[in-house]
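J.: Questions regarding the structure given below will be posed in turn.
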Ligand SMILES: *Cc1c(COP(=O)(O)O)cnc(C)c1O
């Protein structure tokens, strides 16, 4: 007893701080190791590597979790977006509106399918697509809107669904960063992101909020006919064995990845809560510092507080992203890295300025918010294993730098 007390004391006194990582997958694995290991071994022992029972069970469990009729697993989040657009029957030349401030996968698949990407500006507070900018970009060729629930917070779905209804457009939610997030609509109805539009995509890339140990993704929809179409598309356009009715792709979630996801899904809400807790601690540390703008909780959060209060279940903090005003953001990145604090700039270049996606239709004046954000944003370490000591270390270094 005494010995163990003594050891606890020594440990408490002398354990060095855990190395800070942008994402700590090892620490998370330690908590689910037994289940992950045994279910991966089970897949190997039964050699049901493709379309095994784990994939089917995961699909059902995710449908239950989200409260949606159909989850169609596929190989990654980029495929999921592409397949969703193929399923909707979008045709070359159709215009698809999406955000200028996001990861390139969204605009990439639009271009790959020879649809016309139409990038629009975002809102300064939520970092999400600006409904007013969507309205301005609509033409007779517009067929779909792709809101991205960026950094884990829902886009303004009330407005987006209203615009879509008015102009008869499809809404494809890119939920790669938002899995588990809630959105409360203007009538007080709470829904999970990815279940509001006509169809949604997600990614199970390892660092996403629900990540597997390789690549994975899924498409969600409540539309039975669309689900049927998509199930054929992911499987070479086959609806009956060796009958190829449409041009499809080969895009599968393998059974080992499904086994990992089944072990993690029951923990998803707890994982997202751990992220919210870390976000709250960051917010508290930065309170009152004028040059640091902490993430704002926007419309669609049931509790209408503009910070993360104890009862918030909306934002899932895929990233915790600050805006740094009147200070050299790039020098801050260097300062943090020099102190072994990883951080990221998501995203450093607007999509409309990327070589692959420039277009005559774009005017810089239409992207004032994105052009500002790329200079101000910095994303801090955010994962399920962050402890108070690490958060104190990170916030202190940032505050010292800013207050210099
Ligand atoms: C990660 C991500 C994707 C792509 O997912 P992959 O599984 O890497 O193909 C698409 N959109 C957004 C917003 C993402 O963050």
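The values are calculated or read from the model by the stated rules, or taken from the named source; none is laboratory data. Source: prediction; values computed, not measured. As a convention, Cβ positions derive from the backbone with ideal geometry for all residues, glycine included, and neighbour counts pool all protein chains shown.
J.: Select the helices (runs of 4 or more DSSP H) contained entirely in the stretch 254-369, then report the ones holding at least 2 residues which are more than 19 Å from the chain's Cα centre (by Cα) and farther than 27 Å from residue 385 by Cβ.
T.: By residue number, 329-338.
J.: Assess whether residue 223 counts as being in contact (Cβ under 8 Å) with a residue 24 or more places away in the chain and surrounded by fewer than 14 Cβ atoms within 10 Å (Cβ to Cβ).
T.: When the stated conditions are applied, residue 223 does not pass them.
J.: Scanning the stretch 126-136 for residues that are surrounded by 18 or more Cβ atoms within 10 Å (Cβ to Cβ) and free of Cβ contacts under 8 Å to residues at least 60 places away in the same chain, which turns out nearest to the chain's Cα centre (by Cα)?
T.: 129
J.: Restrict the check to the stretch 196-206 and report whether at least one residue is crowded, with 21+ Cβ neighbours inside 10 Å, outside the structural domain of residue 31 (by TED's automatic domain parsing) and in contact with a helix residue (DSSP H, G or I) (Cβ under 9 Å, 6 or more places away or on another chain).
T.: No.
J.: I would also like to ask the following. Test residue 216 against the criterion of being more than 18 Å from residue 63 (Cβ to Cβ) and either touching a strand residue (DSSP E or B) at 6+ places or on another chain (Cβ under 9 Å) or surrounded by fewer than 18 Cβ atoms within 10 Å (Cβ to Cβ) (or both), and give yes or no.
T.: Judged against the criteria, residue 216 is not a match.
J.: Within the stretch 381-397, is there a residue that is farther than 24 Å from residue 271 by Cα, assigned by TED's automatic domain parsing to the domain that holds residue 293 and surrounded by 20 or more Cβ atoms within 10 Å (Cβ to Cβ)?
T.: No, the stretch 381-397 has no match at all.
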